[in-house]
Every structure is written in structure tokens, then in C-alpha cells.
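Structure, as C-alpha cells:
Throughout, read-outs are computed from the coordinates displayed, never taken from laboratory work. Here the structure is a predicted model, which is why all the values come from computation and not from measurement. Backbone-built Cβ (ideal geometry, glycine too); neighbour counts: all protein chains shown.
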Amino acid sequence: MSFLLALMQENPEAAHAAGETAAAAAHAAGHDANEKFNAGNMILEHILDSDHLDFHPFGTIPLPQIHFLGLDLSVTRHVVMMWVASLVLVIVAVLAARIQKRGAGRLSHAAEMVVLFVRDELAIPNIGHSGAQYVPYLLTTFLFILFCNLLGLVPFGAATTGNISVTAALALMSFFMMQMSGIREYGVVGHFKHLVPAGVPVWMMPIMIPVELIGMVAKPFALCIRLFANMMGGHVVILSLLGLIFIMGSWFVVPISVSFVLFINILELLVAFIQAYIFTMLTSLFIGMSVHPH
């Protein structure tokens, strides 16, 4: 201490510089401590796709990076989750079929109930008597979206339906089914001829045709955005409530945040079924509009 005092008396400029350096270091340390937890980064890390599977605090599993002819075909976390949802869907279907062959079982009854629900409540009422032939597609769509939604509520899982690329691909397949159903019923010319209602004056054609084409594209776009926004929004709310615990830095916030998180999780479980139902119902409705344009 006496050595430091003597140094300060002999060289006051050096002492002043040292004081400024110490103050800057203290400010930087406090700044880093305040920014140690970033709620935005935490939310984005859980929502966005990644090149690894996160099993925190146990570690991470890197996923293979594949590049072919300039295309990025890498396996990502959401791709793995879709594989898991597809595998669960296949296992449930195979087990239900085998149980039904041996005799009635709970899984068989549950599978039959879902099939009849899609056929009698979605396909036939919205498409008509020909709707039974669209049941396999509608049933697969319903169960795939449902399992993807539920995987987002499982620990270490991820909701792939919170990825707009996934919902866009599902909407694109629905758009393809809408057009093919109309073409199958009326042919290519007849299907696109129905874009304009019968009896419309010729001078209205330049207005009606663009409007109908926009409406044709808007239907799958609405399917895409609705599913994406609802599933992503729920997870953002849950993560935001958990982030409040670290932002506020108080134990009094914990019971409030945890209580709301549990409530939102239960609500998300209901939303998982509702969103799968809405997507499938609107798809069947749009197919019915193609099969019965007037």
C-alpha cells in the first residue's frame, strides 16, 4: 500500500490513467453482468431451426451437413422432428391395423374413431359423397400436423409447425390437391373456366380473372400463416414468461411465471388439436370448392 501511495505522489498522471482503466474495467464488468441473460436470444434459440439437437444440460448432438450441387441438404432439428412425427404416425397405423385383425382393442377403437371423424365430419360434409376418396390424404395431414404440434410440448422437442417453411410445404401440398381435385372432376380447361362464375359480362373478365387467381393463391397462403403464427406465438409466450424470472431476478416472480406457463402449456395442448383440425377442415373445404365451384 505504501508503495502505491509513493507511486501516486511521484507520478500523478499514471495514477489518473490507472484509475480510469480500473473504472472502465468495472463498468465493463457490470455491463456484461447486466447483459448476461438475453431473453431475445433465448427465445430465438428455442424457436429457430438449428444444426444440432439440444439436450441441455446433458449436451448437444451435431447433425450431418450435406451440400450437393450447390444445394444445402443438411439435416436440421426440425427435419429430425418431422422424421419422428412420421415414424410415430407409421407405428400407430401399423399397430392399429394389426390389433384390428386380431380383434377389437383400445388403439384400434381410437384409430377407427379418428378415421370416422375425418370422413364423416370433414371429408363428406365439405366435399360431398366423393369426399371418401380424399380421407387418406386428409387423415395423414391431420395426424402429421397433430404429432408435430405435440412434439413441440415434449422436453427437448421442437414444434416444426412453428417453422414457416414447414407450414408452407403443407399448404403447397394442399394447393396441389385443390387443383388436382378440380382438374380430375372437370378437366384442365373446365376447372380453370370455373374461375369466373357463369353469367359474368365480358367487360368484367379483366377484373374477375385476376381477383380469382389471387383468391386461389390466398387460400393456401392463409393455411400457411395461420398454422405458423398460432404455433410459434404460443411458444414465444411460454418462453417470455420463463424469461421474466431471470429478467426480474426475484424469487417472487417464480410462482407467478410458472403458474402462467403451466396454464399456457395446457392451452397449447388444446391448440395443438385445434390447429390440426382447422388446417384439415379448411383443406377439405377448399377441395370441396374446387369439386363444386358453384
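Toward the positive end of the charge dipole of the stretch 75-291, with +1 on the Cβ of Lys and Arg and -1 on the Cβ of Asp and Glu, the farthest Cα among Val114, Val261, Phe175 is that of Val114.
If the chain linking Arg184 and Asn265 were pulled fully straight, counting 0.36 nm for each residue of separation and taking away their Cα-Cα distance, it would gain 24.9 nm.
Sorted fewest first by neighbouring Cβ atoms within 10 angstrom, Lys219, Lys193 come out as Lys193, Lys219. FRET efficiency for the pair Ser165 and Lys193, taken as 1/(1 + (r/R0)^6) with r the Cβ-Cβ distance and R0 = 41 Å, rounds to 0.75.
Each of Ala229 and Met205 was given a label point 7 Å from its Cα along the Cα-to-Cβ line. The distance between the two points is 3.6 nm. Summarising the label geometry, the points placed 7 Å from Cα in the beta-carbon direction at His52 and His129 lie 6.0 nm from one another. Computed on the stretch 227-294, with alpha-carbon pairs under 8 angstrom and 6+ residues apart, the relative contact order is 34 percent.
Here the stretch 75-291 is assigned +1 on the Cβ of each Lys and Arg and -1 on the Cβ of each Asp and Glu. Its dipole about the Cα centre then comes out at about 420 debye.
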